[in-house]
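**Q** Quick one: the structure is below, and I'll ask about it shortly.
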Amino acid sequence: LRLWFEVDSQSLGNSCQSTEDFQSSQKRYAPYNKGGDYRRWYGNNEFVVKFDRENFIALSKSGNKLPSKDRYFRESITWTSISSGAFGARYNGVGFTFSANGACAFPEAEGAAELILSLLNSKVATKLLEFLTPTLDFSVGKIRIIPVALDELSAKEQTIYSSFRSLTEIAREDWDSDEYSWDFAIFPLLASVHRAETLAESYTCLRAHWRDMAKEMQRLEEENNRIFIDAYELQDELTPEVPIEEITLNCNPTYRYSGPASEAELETRLLAETMAEFLHYAVGYMFGRYSLDEPGLILAN
C-alpha cells in the first residue's frame, strides 16, 4: 500500500473497469479506497495498492481472501466507515479497489448512484444515522438499511441528477486543484481564467472564484436537503440550511481550518498557504515534474 505519488506514475492504472482489464494493462498499482477525512461528493483519492497478477494471487491467499473481488473497479459510492465526526459519502466512478475502512456501495440501476449519494449526503440520512449508528461506526450493514423513498422522489429525479452533477463537478475541481490529486493539471493561480498582470491580482480573482464555488455548493446542498426533507415528510423535524463551515471544499477556509478564528485570520492563513503551494509548484516545475506547455505530470518516476 502506497500514497500514489510514492510510485512511478507510469505504473498506476487509474481508469480500469475490471480486474481482468487492470491485469491486461500491465500496470502494477491500482487506486485504493481507504476512507480518509470528512469530505462529501468527491475526493480523498490518495492511496494505491499493488494489484498486478502476482500480487493479486498473493492477496487472494492472505487472511483477507479478497472477499469482494467481483466488485473491484466497478462504479461505486464510498465513505469512511469509522469516523470521529460527521458522515460524508463520495462518488468514485470506475477504477477503484477498496478496504473495509473505505466502504463502498455499488449501484445496479441507471441513475441509482446519483439518487443514493444525494440521499446519503442529505440531512435526512444524517438524522437517520443518529438512530442507526450512534457510535459513528458507519459500516456497510448500517448504511444499507437506510430506507429509500423511491415513489416520493420520482417526481424530483431530474433535479436530483442535475444537482448531483454540479456538486460532484465542484468537489472534483476543488480536489484536482491540489498537487495531491493524480488528476492535477495546473496550479490555479496560473490558469488563464484567473491569471492577471500581478500575482496579487491573480489571487484576488482566484479567491473570488473560490467564494463562488463554496456559495454554489451551499445553495445546491440546501436544495438537495429540501427535496429529501419533503419526500420523507420531515419538515417539522429538519431544516435544509447548511452552515458554510460544513461545505467540504479545501478552498473554503471555514472548513479547511478547524478551531476558532476570525474571518481576517482565516483569509490570512489561506493566502499564506496558497503562496506556499505556489512555490511548491514552482520547484516541481524547475525539476521537470511539470511544464508550462503541457498540463499535469511530465516527469514522475
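**Q** For q = 0.08, 0.11, 0.15 Å⁻¹, what log10 I(q)/I(0) does the chain give under the Debye formula with an equal point scatterer on each alpha carbon and no solvent?
**A** -0.39, -0.75, -1.29
**Q** With a 1.4 Å probe and all protein chains kept in place, how do His209, His280, His194 rank by accessible area, largest first?
**A** These residues rank, largest area first, as His280, His209, His194.
**Q** Moving on. Holding the Cα-Cα limit at 22 Å, pick out from Lys123/Lys156; Lys34/Lys65; Lys50/Lys142; Lys69/Lys123; Lys123/Lys215; Lys34/Lys142 the pairs that are longer than that.
**A** Lys50/Lys142; Lys69/Lys123
**Q** Still on this structure: Within the set of other residues whose C-beta is less than 13 Å from the C-beta of Trp175, count the net charge using Lys and Arg as +1 and Asp and Glu as -1.
**A** Surrounding charge for Trp175 is -4.
**Q** How big is the charge dipole of the chain about its Cα centre, in debye rounded to the nearest 20, if each Lys and Arg gets +1 on its Cβ and each Asp and Glu gets -1 on its Cβ?
**A** 1180
**Q** Cross-link partners among aspartates and glutamates for Lys27, C-alpha distance below 18 Å, same-chain residues fewer than 8 apart left out?
**A** Straight-line reach from Lys27, under 18 Å: Glu6, Asp8, Glu46, Asp52, Glu54, Asp183.
**Q** While we're looking at this one, here's another question. I'd like the carbon and sulfur percentage of the solvent accessible area for the chain, probe radius 1.4 Å, heavy atoms only, ligands and nucleic acids excluded.
**A** It is 51 percent, rounded to a whole number.
**Q** Which net charge results for the neighbourhood of Phe98, defined as the other residues with beta-carbon distances under 11 angstrom from its beta-carbon, given Lys and Arg at +1 and Asp and Glu at -1?
**A** Result for the local shell: +4.
**Q** Return one whole number: the accessible area per residue of region 167-256 in Å², for a 1.4 Å probe.
**A** With all protein chains present, region 167-256 gives 49 Å² per residue.
**Q** Tally Lys and Arg at +1 and Asp and Glu at -1 over the other residues with C-beta under 13 Å from the C-beta of Leu279: what net charge comes out?
**A** After counting each charged neighbour, the total is -3.
**Q** Using heavy-atom solvent-accessible surface (probe 1.4 Å) with all chains present, what is the largest-first order of Met275, Met217, Met286?
**A** Met286, Met275, Met217
**Q** Only helical DSSP H runs with n ≥ 4 go in: add -39500 (n - 2.57) per run for the chain, normalise by residue count and round the 222 nm mean residue ellipticity to 500 deg cm²/dmol.
**A** Result for the chain: -12500 deg cm²/dmol, rounded to the nearest 500.
The values are calculated or read from the model by the stated rules, or taken from the named source; none is laboratory data. Remember, it's a predicted structure, so these values are computed and weren't measured experimentally. Every residue, glycine among them, receives a Cβ derived from its backbone with ideal geometry; neighbour counts consider all protein chains shown. For accessibility, only protein heavy atoms count, side chains too; no ligands or nucleic acids. Shrake-Rupley method; radii C 1.70, N 1.55, O 1.52, S 1.80 Å.
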